[in-house]
Amino acid sequence: HLHRDLDWQAPVDWIGGSPFLVAEEGVGMLAALAYPMDLPGVAWIRLFAVVDHVSYESLWDQLWSEARGYLSAKSGCIVAANPLASWMLELLDHSGFTHSNDVIILKWASGMRMPEPQPGVRIRTMRMDDIPEVHQVDSLSFQPLWQNSALSLELAYQQAAVATVVEDDSGIVGYQISTTSHMGGHIARLAVSPSKQGRNIGYAMVYDVLRQFERRMVFRVTVNTQRDNIVSQNL
């Protein structure tokens, strides 16, 4: 049984720097649970893995009990998970997790009509030294549960196929980070400063990244968002 929530780090990269528990018997490892706190007060269950032929329920109970003991010392901490399998959802329900949202996937295929954006939006390629400003935009644009740390944004940038920012006279006011795989392109992260929303910035960035994907012969692009994020869905 394997639960893995996609992140910018591989599971072995979390060892040592974040809460990472293992269950052993003799010299063998039976299970692992990683719940790194990328930002203070928010922990995501990124990994729960159990070997075959053992009770994943009992191992979850043992590891989660230990995890709760660690987290109880941190006042106001929220623990979140994004389960893709029914067995993991059942474990979370059993442990007192409550359903708060759904992640939905939207898909774009090359050839779909898109009107050109209005002129005046200044888009350029993102640079590493943009990360502090990008992080500021990210923090202003998302609720705490969905925010990324500066380190996560740096890792995302390093793995990006297309990363761009929008600037005006005040500095960076929007950004997007997109990736590619054998499945196609994926708009992994996009944000516009709340004070600059409604000015065609988000649409201009989406239009630009889709044109860039087409030039790279990538003709299918996806994006994830929350079911209650109507602004994102409309974009």
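The values are calculated or read from the model by the stated rules, or taken from the named source; none is laboratory data. A quick note: this is a predicted structure, and the numbers were derived from the prediction, not measured. For neighbour counting, all protein chains shown are included, and Cβ atoms are generated from backbone atoms with ideal geometry for every residue, glycine included. Surface accessibility is based on the protein's heavy atoms, side chains included, excluding ligands, DNA and RNA. Shrake-Rupley method; radii C 1.70, N 1.55, O 1.52, S 1.80 Å.
Key figures for this structure:
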{"item": "Selection from the stretch 113-129 of residues that are charged (D, E, K, R), modelled with pLDDT of 95 or more and exposed (fewer than 11 other Cβ atoms within 10 Å of the Cβ)", "result": "ASP129"}
{"item": "Hits in the stretch 47-73 (condition: of a type outside the set (Asp, Glu), at pLDDT below 95 and open to solvent by 80 Å² or more (accessible area, probe 1.4 Å))", "result": "HIS53, ARG68, TYR70, SER72, ALA73"}
{"item": "Flag if LEU91 is surrounded by 18 or more Cβ atoms within 10 Å (Cβ to Cβ), in contact with a helix residue (DSSP H, G or I) (Cβ under 7 Å, 6 or more places away or on another chain) and more than 17 Å from PRO11 (Cβ to Cβ)", "result": "yes"}
{"item": "Long-range neighbours under 7 Å by Cβ, at least six apart or interchain, first residue under 13 Å from PRO40 (Cα atoms) and among the aliphatic types (A, V, I, L, M) within the stretch 142-156, second part of a helix (DSSP H, G or I) and open to solvent by 40 Å² or more (accessible area, probe 1.4 Å)", "result": "ALA150/PRO132; ALA150/HIS135"}
{"item": "Strands (runs of 3 or more DSSP E) wholly inside the stretch 33-113 that include at least 2 residues being within 30 Å of LEU235 (Cα to Cα) and touching a strand residue (DSSP E or B) at 6+ places or on another chain (Cβ under 8 Å)", "result": "42-44, 78-80, 103-109"}
{"item": "Residues of the stretch 191-216 classified as under 22 Å from TRP8 (Cβ atoms) and either open to solvent by 40 Å² or more (accessible area, probe 1.4 Å) or touching a residue at least 40 places away in the same chain (Cβ under 8 Å) (or both), total", "result": "7"}
